[in-house]
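Presented below is the structure to which this report refers.
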Amino acid sequence: GDVSDSSMYASALTNTLAVYNQAMASQSPIVNGRQYKPYGFTFIKEGHPFFQTNQFVPATVYYEDQLYDSVKILYDEHLDMVIMDVGVRLELISERLPYFSISGHNFLRIPADTVHQVISEGYYERLYDGGIQLYKKEYKEFKEVLSVTDGYQAEIIEKYFYYIKKGDQFYRVKNKNGLLDVLKEKRDEVDKYLKANRLNFRRDKQNTIMKAVTYYDQLTRSR
């Protein structure tokens, strides 16, 4: 029951596991975490809750003030949690993991914006980092599907949210107008640029925001 579960978790937390890391082979770093429980149901249409792939892939992880540059992880986008493969699947403690990089994608843990309440605490992929920053939140929602033969299953619904950080404030970008509002100092120039390059917000959201932010940053830096 619950008691044995929680004591098992407690012992998993206190049982530190050595992780092999090429750079530190002589002094293998120690990782704290608890065992990751797999989902108790199946996903339809080859779905899975992880970022890009359900296979462990090599990553760089900054955990407990230590950089690991050759560990294998999965990023669970439903639980917003990183799982490391150390012989067992281990959940890393999010508060101790400010940064990780997987397949060329850089994720940062951003604290909740309690003032403007635009952004909630969690991992965000940094798409652009200049005079302003662009972040993406990818979330996998589960839609319950009941099957006569297979019982409870879940269908994955992917959701994407985009945030521009300007100064120390975050803005969520929902549409083209909202995008131009955030880039208001160069609104007309950015608008012209998007039209000239046939960038359509609805059809090609990420690329359009990315190009607009990059162009805005060039304009504002070159003054």
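The values are calculated or read from the model by the stated rules, or taken from the named source; none is laboratory data. What you see is a predicted model; the values in this text were computed from it and never measured. Here Cβ is always computed from backbone atoms with ideal geometry, including for glycine, and neighbour counts include all displayed protein chains. The area values use the complete protein model at the heavy-atom level, side chains included, leaving out ligands, DNA and RNA. Shrake-Rupley method; radii C 1.70, N 1.55, O 1.52, S 1.80 Å.
Full extension of the chain between Glu46 and His78 yields a length gain of 9.9 nm, computed as 0.36 nm times the residue separation minus the alpha carbon distance. Considered as an equivalent ellipsoid built on the Cα gyration tensor, the chain has semi-axes of 37, 23, 15 Å, the largest given first. Shape analysis of segment 82-121 based on the Cα gyration tensor places the equivalent ellipsoid semi-axes at 25, 13, 7 Å, largest first. Whole-Hz Karplus values for segment 33-47 come out as x, 10, 5, 7, 8, x, 5, x, 8, 9, 10, 8, 6, 6, x Hz, taken residue by residue from phi with 6.51 cos²θ - 1.76 cosθ + 1.60 and θ = phi - 60°; glycine and proline positions read x.
Relative contact order for the chain: what percent, with Cα pairs under 8 Å and sequence separation of 6 or more?
Here the relative contact order equals 13 percent.
Estimated from helical segments only, the mean residue ellipticity of the chain at 222 nm is -6500 deg cm²/dmol, where each DSSP H run of four or more residues counts as -39500 (n - 2.57). Under 19 Å of direct C-alpha separation, and excluding same-chain neighbours fewer than eight residues apart, Lys140 reaches these aspartates and glutamates: Glu46, Asp76, Glu77, Asp80, Glu91, Glu121, Glu125, Glu155, Glu158. Once the Cβ-Cβ distance of Asp191 and Gln35 is raised to the sixth power relative to R0 = 45 Å, the FRET efficiency obtained is 0.30. Close amide-amide hydrogen proximity is noted between Ala154 and Thr42, Phe43, Ile44, Val145, each under 5 Å apart and 5 or more residues distant or on a separate chain (H modeled in the peptide plane; Pro and chain starts excluded).
Extension gain for the segment His116 to Arg172, taken as residue separation times 0.36 nm less the Cα-Cα distance, is 19.1 nm to one decimal. Projected onto planes of every orientation and averaged, the convex hull of the alpha-carbon atoms in segment 171-223 covers 3.4 nm². How large is Rg/Rh for segment 98-223, to two decimals, with Cα atoms and a Kirkwood Rh? Reported Rg/Rh, Kirkwood definition of Rh: 1.07.
Remark: segment 63-68, residue by residue, has Karplus-estimated 3J(HN,Hα) of 10, 6, 6, 10, 9, 10 Hz, where x stands for each Gly or Pro and the curve is 6.51 cos²θ - 1.76 cosθ + 1.60 at θ = phi - 60°. Solvent-accessible area assigned to carbon and sulfur over the chain amounts to 47 percent, based on a 1.4 Å probe.
Computed with a 1.4 Å probe over protein heavy atoms only, the accessible surface of the chain comes to 57 Å² per residue.
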